[in-house]
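Participant: A single structure is presented below for examination.
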Amino acid sequence: MSKKPTILIYLLILLSLVLGACATPTPAPTEPAAPVATEAPAEPVATEAPTEPPAAATEAPLAPTAGDKRIILATTTSTEDSGLLEVILPDFTAQTGIEVDVVAVGTGQALQLGVDGNADVLLVHARAREDEFMTNGDGVRREEVMYNDFVIVGPASDPAGIKGMTDAAAALKKLADSSATFISRGDDSGTHTKEKSVWKAAGIEEPSGDWYVSAGQGMGDVLNMANEQQAYTLADRATYLALVKEGLDLVVLVEGDKVLFNPYGVIAVNPEKNAAIQNDLANQFIDWIISVPTQELIGTFGVADFGAPLFIPNSELYNASKPAAAAALKVTGKVTTEMAWTEEEVKAMETMDVEAPNSKGVEETYTGVAINALLALAGLDPAATTVTLIANDGFSKDVPLADLQACASCILSFRSNGGFSSVMPGFDKSFGVKGVVEIVVK
Amino acid sequence: MIAEFNEIVLLSLQVTGIALFFSTLIGIPVGVAMGMARFPGRKLVVALLYTGMGFPPVVVGLFVYLLLSRSGPLGSLGLSWMAQLFTPGAMIIAQTVISFPLVAGFTMAAVMGVDPAVRQQVMALGATSRQAALTILSEARIGVIVSIIAGFGGIISEVGAVMLVGGNIEGRTRVLTTAIVLETRKGNFDLALALGGVLLGITFIANLAMLRLQGKSFDR
Amino acid sequence: MTTAATPLNQNIYQVRNLVQTYENRRVLEIEALDILAGEVLALVGPSGAGKSTLLRLLNFLEAPTQGRIIYQGSEFNTSGDMSLEKRRSVTTVFQRPMLLERTVYENVAFGLRLRGQRDSKDRIAAALEEVGLANIARQRARTLSGGEAQRVALARAMVLEPDVLLLDEPTANLDPYNVGLIEAIARRLNQNHGTTLVLVTHNVFQAHRLADRVCFLLEGKLIETGPVQEFFDQPRDPRTHAFVNGEMVY
């Protein structure tokens with residue numbers, strides 16, 4: 001008889017277990033699932049204090065009102081995990097008094113949060129899906145923010161032998177051919193989306209087999225898993241570098257391929273979705289994040305720790321503010337194919353060193369690309385007679401084609417602060433044109 | 001899609017089933033012994049057992065992870081028979097460790113809840129010590145069944161440890177809970193809910209089945 | 001049918017210098033007590049006299065602190081060892097029936113199952129018939145009344161056909177109808193099967209009704225033993241006299 005209460009207790013425990021099991025799998029689609037990282041209101045005040053000591057005192061009473069303005073930023077784990085947001089967001093709160101509640105999830109969920117109207121603004125990196133999001137009317141404004149790059153990492157022993165390859169797709173193909181274990185995020189994140197596009201480029205629609213491990217976890221988890229299994233994976237550089245500091249053994253094997261660049265966009269969610277969406281605050285956020293000072297802050301993030309920026313600023317405003325940042329070089333006129341190169345592309349060509357007097361008449365060594373080589377790449381029209389060098393300030397100088405062709409050591413040298421100058425040994429010094437942007441063949 | 005879905009459900013049941021088998025195999029005798037025996041240091045063992053019952057599963061996951069990690073004490077031995085990280089074996093180890101204290105603890109409580117005079121009566125009827133222990137276990141069976149359900153519920157719905165040591169690998173270590181986390185993260189709430197429904201259903205059916213099973217012994 | 005290992009009227013138990021101590025408290029101290037095969041011996045005395053302790057020792061449920069019990073020629077001493085076969089020829093019905101959470105039938109079958117005897121349906125049916133409960137064999141034991149439960153407990157013991165049946169206050173708290181039934185069953189068991197009965201009771205009338213001999217225990221000591229008539233009519237010890245006449249204050 002005395003056992004009845006005991007059974008009741010067991011049943012209660014049982015019930016709680018069932019309810020416990022029930023609570024775990026039920027997401028609440030009407031609310032953001034993840035807890036939000038809230039900036040302490042005191043922090044922006046503290047950062048301002050050194051520049052404007054009295055401001056700290058006057059701003060302090062404003063703190064309670066500042067707390068009234070909040071927006072929800074749904075973003076990918078990479079921005080949160082790398083520590084970027086922690087560094088830049090206090091500046092936003094200090095400027096606008098708006099608190100930002102960060103929900104760091106996969107890009108898929110971040111976009112879904114937008115679709116469901118559960119976030120005010122998104123900071124994500126999956127270009128195609130962002131475009132789809134905009135087309136569907138889920139977002140009202142989209143701006144470029146920055147980009148980072150992906151790297152293919154793997155064990156130092158590199159059993160598949162992909163080290164140093166510059167074509168990411170070819171590298172993945174090689175991994176597939178040698179059945180080297182590759183760990184995929186497999187979570188529909190931006191990184192996963194990128195990985196799938198590279199596989200596609202490699203001609204592999206759906207990688208499968210024992211060697212292909214779809215982990216369904218975050219970047220850090222996947223890197224650790226790859227480390228444990230001495231496997232390959234595609235990782236964003238920021239997370240990779242952060243984990244290397246924690247003792248990750250993997251090394252970068254493939255980098256620099258254009259397809260591995262990863263642009264981040266910021267999107268204001270359509271306020272018609274939900275009355276609680278604060279479009280004006282979202283716009284303030286976008287205006288702030290694409291502004292030149294914020295972009296410059298982004299560009300310096302990580303430099304101190306890793307020796308290189310983790311994110312490259314890429315907003316239109318920022319790019320416009322850079323004087324001829326993309327100092328391109330063109331070859332036009334009487335050529336078989338008109339050519340246009342970026343500075344990097346030119347620098348990647350075969351270079352040569354020449355001795356020539358500088359503007360003060362002192363001999364100096366210049367490094368650059370032979371002008372004849374550039375002309376050869378474009379292909380000269382037989383009717384061509386003259387070459388005009390055009391500078392970025394509009395200045396131009398004509399050179400007889402025959403004279404130029406006779407000069408093997410005439411080059412476009414690389415200027416220390418970007419751009420090219422013509423170095424023409426044996427010619428008058430007036431032929432030394434600074435800031436050449438175009439070569440017109442006549 | 002359906003095939004993957006079934007695979008996840010099946011793996012969940014397999015991993016949890018095997019883990020529960022081991023924890024029951026060890027946990028029930030330990031629970032019975034703890035519930036009946038009086039020996040020096042018993043209080044300490046009971047305290048440890050209760051601590052184990054409330055031990056955060058994710059910490060168990062962490063320990064198993066570190067243990068099996070390539071650089072860990074077991075992983076570095078390179079034993080071929082030892083379960084490796086990111087395999088169902090590792091998940092089974094973690095789930096066994098998590099469910100063992102639940103099974104042993106609840107069994108102990110159930111056995112202690114049996115009137116001590118029952119043992120005396122059973123001995124007086126000519127039982128050996130073993131028979132007496134089995135009879136008391138049978139008397140405590142509702143509690144023992146609850147202990148198994150508690151162990152089952154504790155691990156089938158556990159996500160942290162299996163995520164850590166299993167790695168949520170598609171087709172290999174992805175179970176219901178980790179799949180739910182993943183699908184929620186992807187924004188696939190429909191699929192996440194469906195998986196959640198299956199998990200709920202499994203827990204419910206398991207409870208029903210076990211309660212029915214114990215009812216049977218009365219009607220035999 | 002039982003074949004008692006000890007012929008009738010010979011000593012089945014010889015208790016010698018038996019001492020039982022619980023946590024330094026001496027609860028039982030008996031120099032000598034012989035129990036005859038086939039007799040009904042009543043142990044009477046106030047609460048705390050050590051009657052139940054003696055009964056547990058007679059069923060080998062606990063080891064004595066000192067001394068020994070010779071049972072059917074085997075010695076039971078401080079080691080607490082007794083062969084399973086001998087142990088199984090003695091059983092006890094306690095004051096509380098302590099039925100298991102099973103059906104009535106399964107409870108009665110329990111002791112036989114412990115002995116590996118599975119095909120004993122007839123014996124179980126006969127035992128249930130004997131205690132008048134054949135009609136509720138399928139019922140769960142937990143649902144029974146106190147008297148029914150105690151009769152099941154008795155059937156469960158009887159079906160084992162023990163040489164010795166120990167009864168520890170078997171009818172305390174029962175209604176007169178059930179008391180009568182149980183006493184009748186016990187008497188039949190003794191008379192028809194020659195089962196030795198040792199009955200612990202604080203009820204002198206029950207002792208008078210059932211026993212051949214009576215022992216009076218007080219504070220763990222055996223004060224007086226005698227044939228039932230003599231015990232009640234001419235007690236030698238004044239304390240026995242006081243107890244028998246209901247004058248003892250305890």
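The values are calculated or read from the model by the stated rules, or taken from the named source; none is laboratory data. What you see is a predicted model, and the numbers here were worked out from it, not measured in a lab. As a convention, Cβ positions derive from the backbone with ideal geometry for all residues, glycine included, and neighbour counts pool all protein chains shown.
Participant: Exactly one of (1) touching a helix residue (DSSP H, G or I) at 6+ places or on another chain (Cβ under 6 Å); (2) at pLDDT 85 or above; (3) not in a helix (DSSP H, G or I) is unmet by A:ILE267. Its number?
Facilitator: (1)
Participant: Can you pull out the residues in the stretch B:68-82 that are closer than 25 Å to B:LEU13 by Cβ and within 13 Å of chain A (Cβ to nearest Cβ)?
Facilitator: Scanning the stretch B:68-82 gives a single hit, B:LEU68.
Participant: If you go through the stretch A:236-256 one residue at a time, how many are more than 30 Å from A:VAL121 (Cα to Cα) and buried (at least 19 other Cβ atoms within 10 Å of the Cβ)?
Facilitator: 4
Participant: So, A:LEU317, is that one outside any helix (DSSP H, G or I) and surrounded by 14 or more Cβ atoms within 10 Å (Cβ to Cβ) or not?
Facilitator: no
Participant: Kindly list, by first and then second residue, each pair from a residue in the stretch C:94-115 that is within 16 Å of C:PRO162 (Cβ to Cβ) to a residue that is outside any helix (DSSP H, G or I) and of a type in the set (D, E, K, R), limited to pairs with Cβ atoms under 7 Å and residues at least 6 apart or on different chains.
Facilitator: C:PHE94/C:ASP168; C:ARG115/C:ARG88
Participant: Also, quick follow-up: Among the listed residues B:THR173, B:THR184, which satisfies the condition of being buried (at least 24 other Cβ atoms within 10 Å of the Cβ) and either out of contact with any helix residue (DSSP H, G or I) (no Cβ under 6 Å at 6 or more places or on another chain) or free of Cβ contacts under 8 Å to residues at least 60 places away in the same chain (or both)?
Facilitator: Only one candidate passes the filter, namely B:THR184.
Participant: May I ask you to list the residues in the stretch A:170-201 that are surrounded by 19 or more Cβ atoms within 10 Å (Cβ to Cβ) and of a type in the set (A, V, I, L, M)?
Facilitator: A:ALA171, A:LEU172, A:LEU175, A:ALA176, A:ALA180, A:ILE183, A:VAL198
Participant: Right, another one. Does B:SER12 fit the bill of being exposed (fewer than 14 other Cβ atoms within 10 Å of the Cβ) and of a type in the set (Ser, Thr, Tyr)?
Facilitator: No; evaluated as a whole, the condition is false for this residue.
Per-residue answers, yes or no, for (1) surrounded by 22 or more Cβ atoms within 10 Å (Cβ to Cβ); (2) outside any loop (DSSP other than H, G, I, E, B); (3) free of Cβ contacts under 8 Å to residues at least 12 places away in the same chain; (4) touching a strand residue (DSSP E or B) at 6+ places or on another chain (Cβ under 6 Å):
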residue	(1), (2), (3), (4)
C:ALA42	yes, yes, no, yes
C:ALA49	yes, no, no, yes
C:SER52	no, yes, no, yes
C:LEU57	yes, yes, no, no
C:ALA63	no, no, no, no
C:GLY67	no, yes, no, yes
C:ILE70	no, yes, no, yes
C:SER79	no, no, no, no
C:MET82	no, no, no, yes
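Participant: Residues of the stretch B:22-45 being surrounded by fewer than 17 Cβ atoms within 10 Å (Cβ to Cβ) and in a helix (DSSP H, G or I), which ones?
Facilitator: B:LEU25, B:ILE26, B:PRO29, B:ARG42, B:LYS43, B:LEU44, B:VAL45
Participant: Could you figure out which of (1) hydrophobic (A, V, I, L, M, F, W, C); (2) under 21 Å from the mean Cα position of the chain (by Cα); (3) within 12 Å of chain A (Cβ to nearest Cβ); (4) not in a loop (DSSP other than H, G, I, E, B) isn't true of B:MET91?
Facilitator: Going through the list (1) hydrophobic (A, V, I, L, M, F, W, C); (2) under 21 Å from the mean Cα position of the chain (by Cα); (3) within 12 Å of chain A (Cβ to nearest Cβ); (4) not in a loop (DSSP other than H, G, I, E, B), B:MET91 breaks only (3).
Participant: Which helices (runs of 4 or more DSSP H) does the stretch A:102-188 wholly contain that include 2 or more residues that are farther than 20 Å from A:ASP257 by Cα?
Facilitator: Per the criteria, A:107-115, A:127-135.
Participant: Given the structure, is C:ARG96 modelled with pLDDT under 95 and more than 7 Å from every other protein chain (Cβ to nearest Cβ)?
Facilitator: The answer is no for C:ARG96.
Participant: Could you figure out which of (1) modelled with pLDDT of 90 or more; (2) within 18 Å of B:ARG174 (Cβ to Cβ) isn't true of B:GLU4?
Facilitator: Result: B:GLU4 passes all but (1).
Participant: Kindly indicate the residue of the stretch A:215-257 that is free of Cβ contacts under 8 Å to residues at least 12 places away in the same chain and part of a loop (DSSP other than H, G, I, E, B) and also farthest from the other protein chains (Cβ to nearest Cβ) among those meeting that condition.
Facilitator: Selected residue: A:GLU246.
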